[in-house]
Amino acid sequence: MPNRWFILTGERGRFDIRRMLNSAPGAAIDADGLRVVRGGRTVLRDVAFSVPRGSVTGLLGPSGCGKSTLMRAVTGVQDNVSGRLDVLGLPAGDRRLRDRVGYVTQAPSVYADLTVRENLHYFAALLRAPARDVDRVVEQVDLGDHQHARVERLSGGQRARVSLAAALLGTPELLVLDEPTVGLDPVLRRDLWALFHRLAADGATLLVSSHVMDEAERCKELLLMRDGELLAQDTLPELLARTGTDSAESAFLALIESRGDADPEEARR
Amino acid sequence: MNALTATALRVLRQLRHDPRTIALMLLVPCLLLALLRWLYDGSPQTFDRIGGPLLGIFPFVVMFLVTSVATLRERSTGTLERLLTLPIRKADLIGGYALAFGLVAVVQAVLATGLSVGLLGLDVAGATWLVLLVAVLDALLGLALGLLVSAFANTEFQAVQFMPAVVLPQFLLCGLLVPRDQMQPVLRAISDVLPLSYAVDAMVRLTGSSEVGSRLVLDIAVVAGCVLAALGLGALTLRRRTP
């Protein structure tokens, strides 16, 4: 049956029926057969998943497993992407998504020689966000005491929060956050996760990556990745029930062992 | 506020936090011109001959360096990638840089020209505003080439090395050291396709005569055309999707 649809509509047709049948309705991100090649190496292999709107979805896996590449593909900055990848109902990277998707890279990408407010005012102007948005995001990431300091004088964690604040400007519908809580103090980490859930409650969708398995407990949906492949998409309780384990870490191990490629070197061959 | 002016203001704010760079950009050309005047104390006509062209060459070199490093920094800190995910056109980004550094170039040209004509006794037959115009165009030429070559540099070390590679050959062949019509035919031909040659020709014509001839207009048009072409090529090097 699917093959017939394929013939009728073509793989990339504008009104592709197969595409409509396969897409989860209302998904913020919907991927199928996603593949990314970097420097001759396939770093994402046949990845399929969907991220429901209004959720906090955790993208978990060891560093180097392809989390950042997947996020770059979603935000449309990654080259050599094949397969289907829809973001808010449009192909990833579509120009109409530029003020609807907020992206925070792992390394803070703000101007170190400007103050926190100068940075935010600039990005707000580009997004045509209202001026009071700057005050809102400064408060959301708790940088009120440092808003007039130059970014280069701030700590690593504070810089990461400036970068996050910039992505919150204009209230994007989808936030793609690459390791936003790495190296942060536990209190701050808790506060940020609370912020992520508040944003989701207000209707935003968040895709948050982490290489720390504990953070799985803070996410509604989980995407587990390893070595360029998606191991599972599930909620934490379902994942634990299915693998008969009691933590995200052991569930991850159980999934790898059940695939019979526990040795990463072996898996690559 | 539109993306173009927002970007120009942002670049100027970055400069404002770096007073040492501003001082170097504005004062070094003035100091060098004063040094040159002192060097040729015995032959004011030599100073007249090379002072004019240098008023155009200094802003060219300074802007080339500043822009290639600034753009490389945007690339290496990830801010360029962030900008390219936001609703900003590449033309607005490049235009913002051109506007901000263009303003600095105006101040630099006013200071250097004012000093040369007012205090150092440089003889300029043509209109001063035309000298300023050509100096600012030269600065924009440096800016556009700096932006273009920064795409081919991965580190600030490499970016700085493009100065001798791109700027020095143009300086050697621009007609300042050996008049262009006395050059070997091959060198003359090369000098004919280098934009700085036209910038220097324009300055020589301006300092030598008060009339605005068609050759002067042509020289200025060639420099302006090269600025636009290099900015256009620079825009092509800004890729929204990268490997």
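Numbers below:
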| quantity | calculated |
| --- | --- |
| From the C-alpha gyration tensor of region A:131-269, square roots of 5λ in Å | 34, 17, 13 |
| Region A:101-168: projected area of the alpha-carbon convex hull, averaged over directions, in nm² | 4.0 |
| Alpha-carbon Rg with Dmax, taken over region B:2-105, Å | 17.4, 59 |
| Positive-end residue of B:Tyr198, B:Gly234, B:Thr128, charge dipole of chain B with Cβ unit charges | B:Gly234 |
| Helical contribution to [θ] at 222 nm, DSSP H n ≥ 4, -39,500 (n - 2.57), averaged over chain B, rounded to 500 | -25000 deg cm²/dmol |
| Local electrostatic count at B:Ser214 - Lys and Arg +1, Asp and Glu -1, tallied over other residues with Cβ under 15 Å | -1 |
| Degrees, to the nearest 10: B:214-236 long Cα axis against longest axis of chain B | 20 |
| Computed E for B:Asn154/A:Ser63 - FRET, C-beta separation, R0 25 angstrom, nearest 0.05 | 0.65 |
| Student exercise, chain A dipole from Lys, Arg, Asp, Glu Cβ charges, in Debye to nearest 20 | 1040 |
| Whole-Hz couplings from phi, Karplus 6.51/-1.76/1.60, listed for region B:72-80; x for Gly and Pro | 4, 4, 4, 5, 6, 8, x, 5, 5 |
| Nearest-0.05 FRET efficiency for A:Thr245 and B:Arg16, computed from C-beta distance (R0 60 Å) | 0.60 |
| Cut-off 12 Å between beta-carbons: net charge of the residues surrounding B:Val117, Lys and Arg +1, Asp and Glu -1 | -1 |
| Where Rh is the Kirkwood radius over Cα pairs, Rg/Rh for region A:51-101 | 0.97 |
| Formal net charge of residues neighbouring A:Phe196 (Cβ-Cβ distance under 12 Å; K, R +1; D, E -1) | +2 |
| Kirkwood Rh in Å, taken over chain B so that all alpha-carbon pairs contribute | 18.5 |
| Solvent-free Debye scattering, log10 I(q)/I(0), computed from the Cα coordinates of chain A at q = 0.10 Å⁻¹ | -0.54 |
| Rounded to whole Hz, the Karplus (6.51, -1.76, 1.60) HN-Hα couplings of region A:131-144, x for glycine and proline | 4, 6, 4, 4, 4, 4, 6, 4, 5, 4, 9, 6, 10, x |
| Per principal axis, descending, Cα span of the protein assembly as shown in whole Å | 94, 56, 42 |
| Rounded to 10°, Cα long-axis angle of helix A:116-127 versus longest principal axis of chain A | 50 |
| Shielding by partners, peptide B:71-77 (average Cβ within 10 angstrom, other chains) | 2 |
| Computed lengthening from B:Arg240 to B:Asp192, 0.36 nm per intervening residue step minus Cα-Cα distance | 13.8 nm |
| Per-pair calculated FRET efficiency, R0 = 60 Å: A:Lys220 and B:Val110 via Cβ, rounded to 0.05 | 0.50 |
| Compactness relative to 2.2 N^0.38 Å, alpha carbon Rg of region B:58-187 | 1.23 |
| Distance (nanometres) between label positions extended 7 Å along Cα→Cβ at B:Leu39 and A:Ser258 | 7.8 |
| Point-charge dipole on Cβ atoms (K/R +1, D/E -1) for region A:66-110, about Cα centre, debye to 20 | 40 |
| Helix axis angle, B:195-208 relative to chain B longest principal axis, alpha carbon, degrees | 40 |
| Between region B:1-78 and region A:147-171, the Cα center-to-center distance that results, in Å | 31 |
| Whole-angstrom gap from region B:90-134 to region B:191-243, using each part's C-alpha centre | 15 |
| Top positive-direction residue, dipole computed over the protein assembly as shown with Cβ charges, set A:Ile29, A:Ala248, B:Phe60 | B:Phe60 |
| Given charges at beta-carbon only (K, R positive; D, E negative), |dipole| of the protein assembly as shown in Debye | 980 |
| Rounded D (µm²/s) - region B:24-69, Kirkwood Rh over Cα pairs, Stokes-Einstein at 37 °C, 0.692 mPa s | 291 |
| HN-Hα J in Hz across region A:215-221 - Karplus 6.51, -1.76, 1.60, θ = phi - 60°, x for Gly and Pro | 5, 4, 5, 8, 10, 6, 10 |
| Projected label distance in nm at B:Ala229 and B:Thr77, using a 7 Å step from Cα toward the beta-carbon | 3.3 |
| Cβ-based charge dipole, region A:71-187, positive-most Cα from A:Ala92, A:Pro172, A:Val134 | A:Ala92 |
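Taken together, the values in this text are just the output of simple stated rules run on the coordinates, not laboratory data. All of these numbers come straight from a predicted model, not from anything done at the bench. Reconstructed Cβ throughout: ideal geometry from the backbone, glycine too, with neighbour counts over all protein chains shown.
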